[in-house]
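The values are calculated or read from the model by the stated rules, or taken from the named source; none is laboratory data. Just so it is clear, the model here is predicted, and its values are computed rather than measured. Here Cβ is always computed from backbone atoms with ideal geometry, including for glycine, and neighbour counts include all displayed protein chains.
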Amino acid sequence: MTSCESDPASPAGTSGRTSTSGETSTVPTDSTVPTDSTFANSFTFPYEFAVTDLFGNAVTNETLGEKEVYFIHLWATWCPPCIDEMSDLAELASRYGDRVGFIGLTYDFDSNPDGARNIVTVNGVPDYFLMLDANDASLAPLMNAVDSGSFPTTVLLSKDGFSDMIVGKKGAAYAREIDKLLE
């Protein structure tokens, strides 16, 4: 298993995703999926936000800083592939942290904050890989952009806008995608 479904009502092998127009589409799991270009062109990041990270630290869009690429990762504590790839994500953050802004959106932080903190700590995820509560209201625009209905889901944003949406555990594929955007 390389991804976890959040919507059991979705057809097998897909996940439900609601677009900004309210229409639901299906996204194949374990794949790279082009994002809706209409939405991608209307979404700008980073936008202004102020939240608290998993460890109680105040975080704003200024904390993230201006980067060439933003790596936005949606995960859950109950998703084995999400947990399995945390050490890979820590390694990516160490390798690209000067040029890439890393944000982890923890889907179930409100129901399992200690579990989320433990997973991040045990896997050596660096402090500058911002781990945030995906359910915080000020992150709603970001969640609308990255929520595919499956975990893990990663969206890469460059100065040119959205890259592809990556659904499912990908490991080394992330580095290849980041390298392409940094060229």
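Only one entry of Thr2, Thr35 meets the criterion of being part of a loop (DSSP other than H, G, I, E, B), under 22 Å from Phe162 (Cα atoms), at pLDDT below 90 and not basic (Lys, Arg), and that entry is Thr35.
Whenever a residue of the stretch 37-62 is farther than 19 Å from Lys159 by Cβ and of a type in the set (Asp, Glu), its partners that are surrounded by 12 or more Cβ atoms within 10 Å (Cβ to Cβ) and at pLDDT 80 or above, lying with C-beta atoms within less than 8 angstrom and at least six residues away or across chains, give the pairs Asp53/Val59; Asp53/Leu130; Asp53/Met131; Asp53/Leu132.
Take Ala58 and decide whether it is modelled with pLDDT under 90 and over 17 Å from Cys4 (Cα atoms). In short, no.
Take the conditions (1) farther than 15 Å from Ser150 by Cα; (2) in contact with a Pro (Cβ under 7 Å, 6 or more places away or on another chain); Trp75 misses just one of them, which is (1). Which of the residues that make up the stretch 143-177 are in a helix (DSSP H, G or I), hydrophobic (A, V, I, L, M, F, W, C) and touching a Leu at 6+ places or on another chain (Cβ under 7 Å)? Hits for the stretch 143-177 are Met143, Val146, Ala175.
Do we have Thr121 as at pLDDT 90 or above, within 14 Å of Leu54 (Cβ to Cβ) and exposed (fewer than 14 other Cβ atoms within 10 Å of the Cβ) here? Spelling it out, Thr121 is indeed at pLDDT 90 or above, within 14 Å of Leu54 (Cβ to Cβ) and exposed (fewer than 14 other Cβ atoms within 10 Å of the Cβ). Selection over the stretch 53-100 of residues that are part of a helix (DSSP H, G or I), out of contact with any His (no Cβ under 9 Å at 6 or more places or on another chain) and among the hydrophobic types (A, V, I, L, M, F, W, C) gives a count of 6.
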